[in-house]
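This report concerns only the one structure given below.
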């Protein structure tokens, strides 16, 4: 007699939203995670401020000497072209749209970029409020009222970490300050180290690019801006510091012990970074912390 038992229902694929400025993001930091997520069966959505189709930093996708030394690899450039032709990338959502929320997504990806246009999303107050709403779901040990909700994951690479450092918790009760501490106040994080930013900036001067690698001007750096948001200096994880070139450039990511939060430094970390995000999402879906 044939069994009447229903086949098990396959779990839905993880859903991730990738936040982009209208232009200026690093193609590797967007496309490599996108490709890994897509190949892993994830449902990928893109969001820009007003629903405009995003464009990566064209300098990093060229065929000249600059792109050869400081731009995307052939693998990353090919992944970017494939991503740019995808329906999801060509039809982004608008995070400023009334009713938009990050909460329905299992993961949020905040990629980097260093030219000035990337500040559109790093400095966006509307995005900061969305990240504030999402952040309680990222904590590994959460209030009992939220226990029925699966945990969420945030991944930020390079300048993408600045969006989180700029976002804040609600102000304490009775405080005259309209903003509370940074979302990263009690979090361990990496970001683009000062020495990497300086090396890239110095190298870019051969092409007379001025402040191209100085997103917020000559007196500021990505690492210094993020570090100011942290409660303690040792929360900042700069990655390997060694005289060995192999150690300096080997992939590095950091997973915070108290939040489902993964951070990384620069495009060379993008492959490992994406894998760590996928592992963390699987942990959440398995209800493990």
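Going by the structure shown, is residue 151 over 17 Å from residue 182 (Cβ atoms), touching a strand residue (DSSP E or B) at 6+ places or on another chain (Cβ under 8 Å) and part of a loop (DSSP other than H, G, I, E, B)?
On the way: over 17 Å from residue 182 (Cβ atoms): yes; touching a strand residue (DSSP E or B) at 6+ places or on another chain (Cβ under 8 Å): yes; part of a loop (DSSP other than H, G, I, E, B): yes.
Taking the combined requirement at face value, the residue satisfies it.
Filter the range 94-122 for residues that are assigned to a loop (DSSP other than H, G, I, E, B), under 25 Å from residue 216 (Cα atoms) and more than 14 Å from the chain's Cα centre (by Cα) and give the result.
Answer for the range 94-122, where residues must be assigned to a loop (DSSP other than H, G, I, E, B), under 25 Å from residue 216 (Cα atoms) and more than 14 Å from the chain's Cα centre (by Cα): 95, 96, 115.
Could you check how many residues of the range 80-93 are surrounded by 12 or more Cβ atoms within 10 Å (Cβ to Cβ) and not in a helix (DSSP H, G or I)?
3
Residue check, residue 150 against (1) in contact with a helix residue (DSSP H, G or I) (Cβ under 6 Å, 6 or more places away or on another chain); (2) crowded, with 21+ Cβ neighbours inside 10 Å; (3) at pLDDT below 95, all met but one. Which one?
Exception for residue 150: condition (2).
Would you pick out the residues in the range 154-171 that are closer than 19 Å to residue 137 by Cα, part of a loop (DSSP other than H, G, I, E, B) and touching a residue at least 40 places away in the same chain (Cβ under 8 Å)?
167
Among what's in the range 233-254 and is in contact with a helix residue (DSSP H, G or I) (Cβ under 9 Å, 6 or more places away or on another chain) and over 20 Å from residue 157 (Cβ atoms), pick the residue that is modelled with the highest pLDDT.
The residue in question is 233.
So, residue 127, is that one part of a helix (DSSP H, G or I), free of Cβ contacts under 8 Å to residues at least 60 places away in the same chain and in contact with a helix residue (DSSP H, G or I) (Cβ under 8 Å, 6 or more places away or on another chain) or not?
So residue 127 does not fit the description; no.
Can you find a residue in the range 29-50 that is out of contact with any helix residue (DSSP H, G or I) (no Cβ under 9 Å at 6 or more places or on another chain), touching a residue at least 24 places away in the same chain (Cβ under 8 Å) and either on the phi > 0 side of the Ramachandran plot or surrounded by fewer than 19 Cβ atoms within 10 Å (Cβ to Cβ) (or both)?
Within the range 29-50, one or more residues are out of contact with any helix residue (DSSP H, G or I) (no Cβ under 9 Å at 6 or more places or on another chain), touching a residue at least 24 places away in the same chain (Cβ under 8 Å) and either on the phi > 0 side of the Ramachandran plot or surrounded by fewer than 19 Cβ atoms within 10 Å (Cβ to Cβ) (or both).
Where residues in the range 172-183 are under 23 Å from the mean Cα position of the chain (by Cα) and assigned to a loop (DSSP other than H, G, I, E, B), which of them is nearest to residue 269 (Cα to Cα)?
183
For residues that are part of a loop (DSSP other than H, G, I, E, B) and within 20 Å of the chain's Cα centre (by Cα), tally how many sit in the range 184-211.
Taking the range 184-211 first, the residues part of a loop (DSSP other than H, G, I, E, B) are 184-188, 190-193, 208-211.
Add one more test, that the residue is within 20 Å of the chain's Cα centre (by Cα), and what stays is 184-188, 190-193.
Result for the range 184-211: 9.
May I ask you to list the residues in the range 260-289 that are touching a helix residue (DSSP H, G or I) at 6+ places or on another chain (Cβ under 8 Å) and assigned to a helix (DSSP H, G or I)?
267, 268, 270, 271, 273, 274, 275, 277, 278
Please work out if residue 257 is over 24 Å from residue 11 (Cα atoms), at pLDDT 95 or above and in a loop (DSSP other than H, G, I, E, B).
Spelling it out, residue 257 is indeed over 24 Å from residue 11 (Cα atoms), at pLDDT 95 or above and in a loop (DSSP other than H, G, I, E, B).
Of everything in the range 52-72, what is surrounded by fewer than 16 Cβ atoms within 10 Å (Cβ to Cβ) and under 20 Å from the mean Cα position of the chain (by Cα)? Give them in sequence order.
52, 53, 58
The values are calculated or read from the model by the stated rules, or taken from the named source; none is laboratory data. Because the structure is a prediction, the values reported are computed rather than measured. Counting neighbours? That spans all protein chains shown, and the Cβs are built from the backbone with ideal geometry, glycine included.
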